[in-house]
Structures are given as C-alpha cells and as structure tokens.
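The values are calculated or read from the model by the stated rules, or taken from the named source; none is laboratory data. Here the structure is a predicted model, which means the values were calculated and not measured. Positions of Cβ are generated from backbone atoms using ideal geometry, with glycine treated the same way; all protein chains shown enter the neighbour counts. With ligands, DNA and RNA removed, areas are computed over all heavy atoms of the protein, side chains included. Shrake-Rupley method; radii C 1.70, N 1.55, O 1.52, S 1.80 Å.
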Amino acid sequence: MSLLTFALRNARFLAFGAFAGFFSSFGQTYVIALFNPEIRAAFSLTHFDFGLIYALATIASGTCLIWMGRLIDHIDLRRYSVVATAALATACLLLSWSPTVIFLGLALFALRLTGQGLMAHIGQTSMGRYFNRERGKAVSIAMTGAPLGAASFPWIVVSLGALYGWRGTWLVFAIFVAVVVAPLMLWLLRGHGARHAAYVTGLSPPHGADPAMAVVQQQWTRRDVLRDHRFYLAIPAILAPSFIVTGFFFHQLHIADQLGWSRAWVASTYIAYGGVTVVSALIYGPLIDRFGAVRLLPINLVPLGLSMLWFGLSGTPSVGLGFMVASGITSGGTFTILGALWAEVYGTKHLGAIRAFAASLMVYSTAASPVSMGWLIDNGTGIAEIALLCLSYIVFGTFLVLFAYRENGITSLRAFQASVSLLKKTRD
C-alpha cells in the first residue's frame, strides 16, 4: 500500500498522533528557550542557574514519566489523552503566573512532564501499538506533527511575546489548550473503541497454535527489557540526538550572540529544521517497513555528527542552517525509528511501560545538556569546543549501537527462550 493511500485510509487516527506530537511543543526546549533571557531577567538567574532549575525540573518529569507513561497500557486512550491535555493547560497557566523561583521550577516540571513527556508519549505509543505491518508508515506520518511544531511555534512565540510579553503568551497558551486542543483530541479518537477491541483480539494466539510459536510471540515486560544487555548498548546512540539538539536549542540565543547571528536568523532556521524533519520521517517510514528499525538505527547519527564537525570548524551563519538541516535529518530518523523499534523488538502489549522508561532516559538527557553546556559556557568554553565534544560522544554511541539488536541475536534469544519453556513443560 502506498504512503498516500495508507494515510487517507487512516486519516483521523494518524492526525491524532500528529497533533499529539505537534502540541508537545508547549513543553519542548525550543519554545521555553525563546523566553530564556526574559525568564532569567525576571528571576535574576545566570545561565547556569536557569540551566540547573531546568535540569532538575526535567529530571523530576522524567522520573514521573516512568510511572505515568505505563498507565497508557491500562487506561482507555481517550481518557488518558483528556487528562494529559488538561494537565498541560494547567502547566501553561502556572508558568504565566509564577511569582517565585520555586513556582518557576514547578511550572517547568509540569510543562516538561505533560508537553515533552506525555503528549509525545501518547502519539508515539498509540501509533506503535495499533499498527503492525505498516507501523513504519504510521509512525512516520504521525511524527510529522513534532517537526511541524518546531517549525511554526518559534514564530508564534516571537509574535505573541512581542504583543503580550512572556507571561501573557503562556496565558494565551493555557486558554488555547483547554478550549481547542482537548476537544480536538477527543474528536479525532471517535471510533477508537472498535480499534482497541480489534487490537486486543490480535494479541491472543490462534486456537491450536504451536506452543513454541506462542513463546516466540510472547510480549516482553519492562523488567525483561531491563535485563537485556542489548538495550544498554543502544541507549547512548538513542540519547545522543535529544542531548545534543536540546543543549544547542536551549542556549541558542547565547550561541547566536557569540557568533554574531540575529534572533530573526535563528528563528528562520527552524523552518528548515521542521521541513527537513518531516521529509526525513516520511522517507524513514517506508524504509522501516522494508528493512526494520533495527537495521536503520546505526546510521541515524551520521548527519548530526557531520554538523558537529562543521560547527567545530566554522562559525558563519551558514553553519547554523547546516546544523538545523542535519538535526532535522537525524531527528526525523529518531522520531520514526524509536516509534517502531520498541514494538518491533519487544512487542506491543507492554509498549507503554517500555517506551515510558526509554523516554524517561531521553528526558534525563535533555536535563543534563542545558546545565552541562551552561556550565561550560559560564566557564569560557566556546561553542566550537562544545561541538567537538558532542562529536566525540556521537562516535562513541555509533560504535556501541553496531553491536545492539542484531537480527540473529534476537532470533537466537527467542529460540533459546522457546526451548527452555518447552523443556520445562516436558519435565512437568
């Protein structure tokens, strides 16, 4: 089935996944960071201070995501989505009102949990769970929402900020989420009950199925995943895009000042980032259906690595555009690959719990980069040196991921598990 035909047949549910990614922008770094100077001025914070508060809020949100993310395996998707959007509206309202640093930290925690965490989690988990044979296409189409948000939200933020200031902008966001986003998500989920019933039926093995096959098709739990050494080999490469891109986005205005770029130039590069990410995701989707997410994972960091090398060697405005293009290629691949990888390797029954844990690690990485890069900046480290340090990390992560999730390893492990299970049954 072609990508267009597939999109038309599943338009409503795919739109739900795309809008979940799009509205995750409210809690994403590229939106919050555009108010970086104003927030620091309002609360008398240094780069390191704000980076530390942001990091702590993000770490706390990632920890909560481990528990809250797994609830999607047990709660109706419609109810889960409504609660998440209501919490997102509350978080926006809290940031607009925050009178002290403590409330600022609480607001950032709530935004990171509900926006970056839960909204993105809802979109990716639902696409990975309810599509099987054409999971790659579903994830790639739905994941266009996140980069479209990255391309459009900076301009929205700059425009609203000029009219209402940073507090007024977040008040507008709170009203919009409550009045528009929540009803829209519910409308897009019309008919979901039948879809979920069909999914539950598909989890049950056919009557009279071979016992060995039943073991091979067994769904992994989060505890099983934590015992799988391949998961830890893949994690550095999986975390690299979120760590590096978040750090550069968070300190984007400082980087622009250091290299002599205008704020308008920085905002304009997000259009390139969003467009390239969409194209990259749509290309990766059919490739995943054909080759599998496992095979594509090792090549995903190459564009980002090349951009770090370029950043380390040059400081012209074109480097910023090149970084955004390369980040878009890698981000599009990351969104799509991770949307399919966990379901492909570990099954879909416990996908919410597994993906929530992996997502929490990504959230931790987005907490580490602003504060670590902020510390380097405060101590006089240039952006070129930071880029080269990031390049070293990319090389390390790419090397490790070459040894993770090889198809023969997966097949051998599951065959071994099937043999052990049959042997136990024979003895009994």
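Residues that are of a type in the set (Val, Ile, Thr) and assigned to a helix (DSSP H, G or I): does the stretch 144-154 have at least one?
Let us first name the residues in the stretch 144-154 that are of a type in the set (Val, Ile, Thr), namely 144.
Within this subset, residues satisfying the condition of being assigned to a helix (DSSP H, G or I) are none.
Within the stretch 144-154, none of the residues are of a type in the set (Val, Ile, Thr) and assigned to a helix (DSSP H, G or I).
Out of all the residues in the stretch 9-50, which are in contact (Cβ under 8 Å) with a residue 40 or more places away in the chain, touching a Lys or Arg at 6+ places or on another chain (Cβ under 8 Å) and not polar (S, T, N, Q)? Please lay out each step first, then the result.
Step one: list which residues in the stretch 9-50 are in contact (Cβ under 8 Å) with a residue 40 or more places away in the chain, which gives 10, 12-39, 42-43, 45-48, 50.
Still in the list and also touching a Lys or Arg at 6+ places or on another chain (Cβ under 8 Å): 12-13, 27, 46-47, 50.
Within the stretch 9-50, Arg12, Phe13, Gly27, His47, Phe50 qualify.
Give Phe43, Phe6 a once-over and let me know the one that is buried (at least 19 other Cβ atoms within 10 Å of the Cβ) and either at pLDDT 85 or above or touching a Gly at 6+ places or on another chain (Cβ under 8 Å) (or both).
Details: Phe43 fails: buried (at least 19 other Cβ atoms within 10 Å of the Cβ).
That would be Phe6, the only listed residue that is buried (at least 19 other Cβ atoms within 10 Å of the Cβ) and either at pLDDT 85 or above or touching a Gly at 6+ places or on another chain (Cβ under 8 Å) (or both).
Given the criterion open to solvent by less than 10 Å² (accessible area, probe 1.4 Å), touching a His at 6+ places or on another chain (Cβ under 8 Å) and either farther than 28 Å from Trp187 by Cα or in a helix (DSSP H, G or I) (or both), identify the matching residue among Ala33, Ala20, Ala55. Let's see the steps before the verdict.
On the way: Ala20 fails: touching a His at 6+ places or on another chain (Cβ under 8 Å); Ala55 fails: touching a His at 6+ places or on another chain (Cβ under 8 Å).
Selected residue: Ala33, the only one of Ala33, Ala20, Ala55 that is open to solvent by less than 10 Å² (accessible area, probe 1.4 Å), touching a His at 6+ places or on another chain (Cβ under 8 Å) and either farther than 28 Å from Trp187 by Cα or in a helix (DSSP H, G or I) (or both).
Quick one: how many residues across the stretch 1-32 are of a type in the set (D, E, K, R) and closer than 23 Å to Phe176 by Cβ? Outline the logic, then answer.
Pass one, the stretch 1-32, residues of a type in the set (D, E, K, R): 9, 12.
Filter once more, keeping what is closer than 23 Å to Phe176 by Cβ: 12.
Residues flagged as of a type in the set (D, E, K, R) and closer than 23 Å to Phe176 by Cβ within the stretch 1-32 amount to 1.
Suppose the filter is closer than 30 Å to Asp224 by Cβ and surrounded by 18 or more Cβ atoms within 10 Å (Cβ to Cβ); does Ile354 pass it?
Yes; evaluated as a whole, the condition is true for this residue.
Given the criterion closer than 26 Å to Ala359 by Cβ and at pLDDT 85 or above, identify the matching residue among Gly247, Gly274. It would help to see each step written out before you state the result.
Numbers: Gly274 fails: at pLDDT 85 or above.
Going through Gly247, Gly274 in turn, the sole match is Gly247.
Out of curiosity, is Gly260 within 23 Å of the chain's Cα centre (by Cα), open to solvent by 10 Å² or more (accessible area, probe 1.4 Å) and closer than 30 Å to Val158 by Cα?
Working: within 23 Å of the chain's Cα centre (by Cα): no; open to solvent by 10 Å² or more (accessible area, probe 1.4 Å): yes; closer than 30 Å to Val158 by Cα: yes.
In short, no.
I'm checking my understanding of the structure. Among residues of the stretch 381-428 that are modelled with pLDDT under 80 and not in a helix (DSSP H, G or I), which one is nearest to Phe231 (Cα to Cα)? Break it down stepwise before answering.
As a first pass, look at the stretch 381-428 and keep what is modelled with pLDDT under 80: 405-428.
Checking the rest, the ones that are also not in a helix (DSSP H, G or I) come to 405-406, 428.
On the way: Tyr405: 8, Arg406: 11, Asp428: 33 Å.
In this case the residue turns out to be Tyr405.
Which residue out of Ala182, Ala194 is in a helix (DSSP H, G or I), open to solvent by less than 50 Å² (accessible area, probe 1.4 Å), at pLDDT 75 or above and among the small types (Gly, Ala, Ser)? Spell out the reasoning first.
Working: Ala194 fails: open to solvent by less than 50 Å² (accessible area, probe 1.4 Å).
Step by step, each of Ala182, Ala194 is checked, and only Ala182 is in a helix (DSSP H, G or I), open to solvent by less than 50 Å² (accessible area, probe 1.4 Å), at pLDDT 75 or above and among the small types (Gly, Ala, Ser).
With respect to Ile288, determine if the residue is open to solvent by 30 Å² or more (accessible area, probe 1.4 Å), within 18 Å of Gly145 (Cβ to Cβ) and over 16 Å from the mean Cα position of the chain (by Cα). Give the derivation first.
Values: open to solvent by 30 Å² or more (accessible area, probe 1.4 Å): no; within 18 Å of Gly145 (Cβ to Cβ): yes; over 16 Å from the mean Cα position of the chain (by Cα): yes.
No; evaluated as a whole, the condition is false for this residue.
In the stretch 329-339, is there at least one residue being assigned to a helix (DSSP H, G or I), among the polar types (S, T, N, Q), open to solvent by 40 Å² or more (accessible area, probe 1.4 Å) and under 23 Å from Val302 (Cβ atoms)? Walk me through how you get there before you give the answer.
Filtering the stretch 329-339 for residues assigned to a helix (DSSP H, G or I) gives 329-339.
Within this subset, residues satisfying the condition of being among the polar types (S, T, N, Q) are 330-331, 334, 336.
This time we only want the ones that are open to solvent by 40 Å² or more (accessible area, probe 1.4 Å), so: none.
No.
List the number of the failed condition for Thr90; all other conditions in (1) open to solvent by 50 Å² or more (accessible area, probe 1.4 Å); (2) among the polar types (S, T, N, Q); (3) at pLDDT below 90 hold.
Here Thr90 meets the rest and fails (3).
Those residues that are within 27 Å of Gly69 (Cβ to Cβ) and either touching a Gly at 6+ places or on another chain (Cβ under 9 Å) or surrounded by fewer than 24 Cβ atoms within 10 Å (Cβ to Cβ) (or both), I need them from the stretch 300-328; list them, please. If you could, list the steps in order and put the result at the bottom.
Of the stretch 300-328, the ones within 27 Å of Gly69 (Cβ to Cβ) are 300-301, 304, 327-328.
Residues satisfying the conditions are Asn300, Leu301, Gly328.
Go through the stretch 61-84 and count every residue that is in a helix (DSSP H, G or I) and within 21 Å of Leu186 (Cβ to Cβ). Write out each step before concluding.
Narrowing the stretch 61-84 to residues in a helix (DSSP H, G or I): 61-73, 77-84.
If we keep only those that are within 21 Å of Leu186 (Cβ to Cβ) as well, we get 68-69, 71-73, 77-84.
Residues meeting the conditions: 13.
Any idea which residue in the stretch 370-380 is surrounded by the most Cβ atoms within 10 Å (Cβ to Cβ), counting only those that are modelled with pLDDT of 85 or more and touching a Ser or Thr at 6+ places or on another chain (Cβ under 9 Å)?
Selected residue: Met373.
Under the condition of being part of a helix (DSSP H, G or I) and among the aliphatic types (A, V, I, L, M), which residue from the stretch 36-52 is farthest from Ser152 (Cα to Cα)? So that I can check it myself, show each step before the final result.
Quick first cut of the stretch 36-52, residues part of a helix (DSSP H, G or I) only: 36-43, 47-52.
Remaining after also requiring among the aliphatic types (A, V, I, L, M): 39, 41-42, 52.
Values: Ile39: 22, Ala41: 26, Ala42: 26, Leu52: 27 Å.
Here the answer is Leu52.
For the stretch 154-179, how many residues meet the condition of being open to solvent by less than 80 Å² (accessible area, probe 1.4 Å), modelled with pLDDT under 90 and either within 25 Å of the chain's Cα centre (by Cα) or aromatic (Phe, Trp, Tyr) (or both)?
Summing the residues that are open to solvent by less than 80 Å² (accessible area, probe 1.4 Å), modelled with pLDDT under 90 and either within 25 Å of the chain's Cα centre (by Cα) or aromatic (Phe, Trp, Tyr) (or both) in the stretch 154-179 gives 4.
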